[in-house]
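Have a look at the structure below, then the notes.
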Amino acid sequence: MSGVAIYYDASRCTACKGCQVACKTWNELPSPLEKNSQEWSGSLQNPPDLNGNTRLVMTFREADNDTKWGIDWAFGRRSCMHCGEPACVIACPTGCLQKDEDTGFVVLDTDKCIGCQYCRSACPFDVPRHTGVGLDGMGITINKCTGCVDRVRHDRSPACVTACQPEALDFGPRDEMIAKAEARVATLHERGFDKARVYGKDEVGGCHTIHVLKYGLEMYELPENPQVPEFTRAEDGVMKVLTGVGAAGVVAGLGLSFLTGVGYHRDEQRYDEKTGDIIDVDTGEVVRHIDKEAGER
Ligand code: SF4
Ligand code: SF4
Ligand code: SF4
């Protein structure tokens, strides 16, 4: 498999979140208060997970180890893996999500998104997130990492990669990134990190994000054997035909039963940056209002 890849070495990462900020900046994504404003999460991970305005989150876990401090931090990267066989692309009925053949990245055309969120249900990493529901119940679009393909097509590295000072991130031909990751894991094994491993080389058809994991897989919120769900393949033909006749309303209706059938879950609340309201996604009701000048009410 050719193409390019983003390389992430968890053993070099200091969790400075420079990459997270660079992603927001380049992609012009806001940082509303959302869930961390409501209660202390007990973690330095902020926001707690991906959301409609956040394509990349650095994850924080503690590992018990026989070190000077008794624990080690296990920092991780949570974003799109750019799967070789992307379930989101298979599931998407409108062509909003597509595999870019030159790079291998999975790209996004939000103008085509009808907000059905089949992609999120299908993704084995639970990556795509919707941007919320307007008070009129309309206006949902999906957001996720595009590999900064708009930069890459102009011979630039993804924004996150350019921000990383300790060289935990790199970008280049996929084969080279895999070789680099395997060499780093060999070094970590020599240093006693027996569980160190490469992740993304073979998973889901071979990903275009390659991780070096310093500790065991369980420290990084990544699945052991991610797969394209069978229900995604089964629905594929049906969905493409429906879209072909432009039946967006029918698609939405079928989506409801489909999502119910697979145990679909969604965020419960969203923050409307313009009004300062926190809104129940299911009912559209304003749950709380945050006045930035006078404080929350
Ligand atoms: S910029 Fe580099 S060191 Fe900082 S959080 Fe991102 S990957 Fe880790
Ligand atoms: S990680 Fe999820 S969103 Fe990203 S390419 Fe794979 S299936 Fe699609
Ligand atoms: S490649 Fe671009 S969109 Fe993806 S996480 Fe990095 S900065 Fe964000």
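Bear in mind these aren't lab numbers, they're just calculated from the coordinates by the rules spelled out. Every value quoted in this text rests on a predicted model; they were computed, and no experiment measured them. Virtual Cβ from ideal backbone geometry, glycine too; neighbours counted across all protein chains shown.
Annotation: extensible slack from Lys112 through Ser43 equals 21.2 nm (criterion: 0.36 nm per residue apart, minus Cα-Cα distance). Under the simplified labelling scheme, the Arg153-Asp202 pair shows an inter-label distance of 3.5 nm, with each label point 7 Å from Cα along Cα→Cβ. Legend: ranking of residues Met81, Met58 from fewest to most surrounding C-beta atoms inside 10 Å; resulting order Met58, Met81. Residues His208, His82 in ascending order of nearby Cβ atoms (within 10 Å, fewest first): His208, His82. Placing dummy labels 7 Å off each Cα toward the beta-carbon, the span from Thr162 to Glu221 is 2.7 nm.
A Förster radius of 30 Å, combined with the Cβ-Cβ distance separating Thr25 from Glu101, puts the computed FRET efficiency at roughly 0.60. The label-point distance for Glu285 and Glu176, in a model that sets each label 7 Å from Cα toward Cβ, rounds to 5.7 nm.
Sorted fewest first by neighbouring Cβ atoms within 10 angstrom, Val212, Val286 come out as Val286, Val212.
When the pairs Lys17/Lys201; Lys17/Lys99; Lys24/Lys195; Lys17/Lys112; Lys112/Lys144; Lys99/Lys201 are compared against a 22 Å limit on Cα-Cα distance, Lys17/Lys201; Lys17/Lys99; Lys24/Lys195; Lys17/Lys112 fall above it.
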